[in-house]
1. So what are the radius of gyration and Dmax for the Cα set of segment 370-428, in Å?
2. At 0.36 nm per residue, minus the direct Cα-Cα distance, what do Lys99 and Tyr393 gain on full extension? Give it in nm, one decimal, please.
3. Which length gain, in nm to one decimal place, applies between Lys237 and Thr462 when the Cα-Cα distance is subtracted from 0.36 nm times their residue separation?
4. Could the peptides 533-542, 409-418 be put in order, highest first, of the mean number of other beta-carbon atoms found within 10 Å of their residues?
5. Looking at this model, which pairs from Lys109/Lys420; Lys103/Lys145; Lys420/Lys447; Lys243/Lys312; Lys336/Lys373; Lys237/Lys312 are more than 29 angstrom apart at the alpha-carbon?
6. Could you grab the Rg to Rh ratio for segment 442-504? Cα atoms only, Kirkwood for Rh.
7. Taking the Cα-to-Cβ direction at Ser226 and at Val143 and moving 7 Å from each Cα, how far apart do the two end points lie in nm?
8. What part of the accessible area of segment 293-345, given as a whole %, is carbon or sulfur when the probe is 1.4 angstrom?
Amino acid sequence: MIDPVKIVDKAQKADIKDPWARREAWRKHPAFSKMNQLKGMFPGLGIATGLFAKSLHPPCTGLRGLHTSSQLCEKLISYNLADIGEGITECEIIQWFVKPGDKVAQFDKICEVASDKATVEITSRYDGTIKKIHYNDNDIALVGKPLVDIQLDNNEPDSGAPNLATETAPENSISSTDSDPTFPEPSIPHGITAPTDNPETDHSRDRTNDVVYATPAVRRVAREHSVDLKFVSGSGKGGRILKEDVYRHVKEKPASSKAPTTSSPVDSSKQHFVQANTSESSATARLSGASAVVTGEDRVVPLQPIQRVMFKSMTESLGIPHFRFKDEIELDALIKARQRINEHLNQASPNPDAAKLSYMPFFIKAASLALSKYPILNARVVSDDGGQPKLLYRAAHNIGVAMDTPGGLIVPNVKNVQTKSLIEIAEELRRLVEMGKSGSISGAALKGGTFTLSNVGMIGGTYLSPVLVSSEVCIGAIGKTQRLPRFETTLVDGKPVEQVVPKHILVTSWSADHRVVDGATMARFATLYKQLIEYPELMLANMK
């Protein structure tokens with residue numbers, strides 16, 4: 001006859017103190033299957049086996065009845081922030097689309113988060129009800145930690161997701177059949193601000209369907225001036241809130257009541273200067289709006305997600321000795337070649353603006369052709385198991401392009417430039433720019449870069465000193481184009497004569513990892529790059 005007490009005594013004498021180990025020892029015991037068979041024949045035996053299971057199973061709440069199988073009374077899912085990749089360990093909560101008590105279905109938006117490299121929307125994987133929100137707006141959420149708790153519908157499978165009934169209550173004993181399950185409050189990760197019910201600081205709890213559309217930069221300005229974006233009227237496309245809307249709201253706030261302020265929409269020209277950032281009048285307007293709300297007090301603000309990744313990567317770059325090289329490039333031949341190409345595209349394409357080539361596709365393609373000649377500049381420094389440094393030569397030319405977006409500086413890359421034509425590169429650049437402006441650039445576009453070009457000359461600056469990232473050994477920066485006098489030898493009546501002629505001059509600045517790249521290699525690469533730009537026919541001759 002089976003004696004459960006003797007089995008328990010035997011497990012204890014064997015020094016199996018871990019409750020999970022005791023459970024596994026019992027489940028492997030031949031008496032386990034035998035007792036389940038007897039339980040089916042004699043229902044009253046279920047109580048005895050349940051009491052016996054209590055001494056063998058690890059403590060757990062949320063169990064109905066005293067049985068050897070752990071049947072969950074409710075499916076309360078802790079929905080964690082998934083790993084986004086690229087070493088990202090935390091994200092900033094931009095806004096919530098739900099509140100406790102809301103019903104959600106699969107693919108419904110839960111919240112918007114800003115990682116170190118992009119802003120993304122988190123959607124639900126389940127059908128159910130939101131029970132708890134673990135963070136407030138602007139809090140920092142850790143990857144792998146719970147965002148929300150979702151009470152699943154009865155017909156919703158949990159798909160192997162962790163259940164709070166078994167994973168967050170290791171200290172409670174088994175409940176009886178008639179008792180209701182209790183779920184302890186999940187612990188807040190160290191360093192994270194715990195959510196509160198104070199309506200003055202947490203506006204996400206009383207939000208209904210008033211979704212706020214604003215970039216992280218605009219939200220930062222709103223936080224600095226203690227402005228709730230729910231009460232700001234957006235003048236941007238689709239109701240998006242711009243910085244000017246926040247500044248206007250701050251200026252109107254003293255004269256207005258505590259009721260929500262309704263601002264008059266701005267005209268289209270004011271909407272344009274926020275995105276274009278080119279005209280002098282628009283810059284003056286933004287400057288005057290900002291100076292009107294200066295308080296004259298020092299303040300400490302946390303780093304934004306993109307600033308945090310810049311801080312980390314640039315700190316790592318301090319350990320890399322940089323070799324710098326600068327050279328001038330004449331653009332007159334390229335200007336004429338580009339003009340002829342665009343004239344042909346304008347005639348062949350129904351949308352001339354979409355088909356127009358900028359200078360950047362030529363710069364990117366020339367870099368790829370030069371990298372084919374000097375592949376070490378497309379490599380990466382790695383270490384083997386013994387810590388010895390080695391070079392990883394990469395076949396793909398994934399050339400990153402630095403972009404100034406509303407959320408900060410990002411560097412998406414054009415994949416496999418070595419296989420693309422100028423028109424294909426231009427189309428990919430156009431797509432990345434549009435995604436960058438809307439803040440919807442994907443993580444895949446930010447991964448896998450092997451070489452970087454920064455066209456900061458569009459803003460200003462001639463001679464630059466770009467800083468390497470640890471995953472690359474070379475980076476280039478392109479300064480502004482200037483029309484300058486240069487000497488040129490021409491034939492006059494069959495005799496060479498030196499004349500001063502105007503030339504379009506561009507300065508390129510290069511930085512290389514001097515641990516693995518010598519100065520001669522960098523100089524040869526820059527010279528070949530210069531030749532490909534100054535003589536576009538050479539670029540065409542080397543294309544595959």
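1. Looking at segment 370-428, its Cα Rg and Dmax stand at 14.9, 45 Å.
2. Numbers: separation 294, 0.36 × 294 = 105.84 nm, distance 4.97 nm.
In short, 100.9 nm is gained.
3. Values: separation 225, 0.36 × 225 = 81.00 nm, distance 3.47 nm.
The span from Lys237 to Thr462 would gain 77.5 nm if fully extended.
4. Numbers: 533-542: 15.7, 409-418: 20.8.
Most protected by this proxy first, the peptides run 409-418, 533-542.
5. Details: Lys109/Lys420 36 Å; Lys103/Lys145 22 Å; Lys420/Lys447 19 Å; Lys243/Lys312 27 Å; Lys336/Lys373 26 Å; Lys237/Lys312 34 Å.
Lys109/Lys420; Lys237/Lys312, as the Cα separations exceed 29 Å there.
6. Details: Rg = 19.5 Å, Rh = 15.3 Å.
Checking Rg against Rh, the ratio lands at 1.28.
7. 3.7
8. Solvent-exposed carbon and sulfur of segment 293-345 make up 58 percent of the total.
The values are calculated or read from the model by the stated rules, or taken from the named source; none is laboratory data. Keep in mind the model is a prediction, meaning the values are calculated, not measured. In this analysis, Cβ positions are derived from the backbone assuming ideal geometry, glycine residues included, and neighbour counts consider all displayed protein chains. The area values use the complete protein model at the heavy-atom level, side chains included, leaving out ligands, DNA and RNA. Shrake-Rupley method; radii C 1.70, N 1.55, O 1.52, S 1.80 Å.
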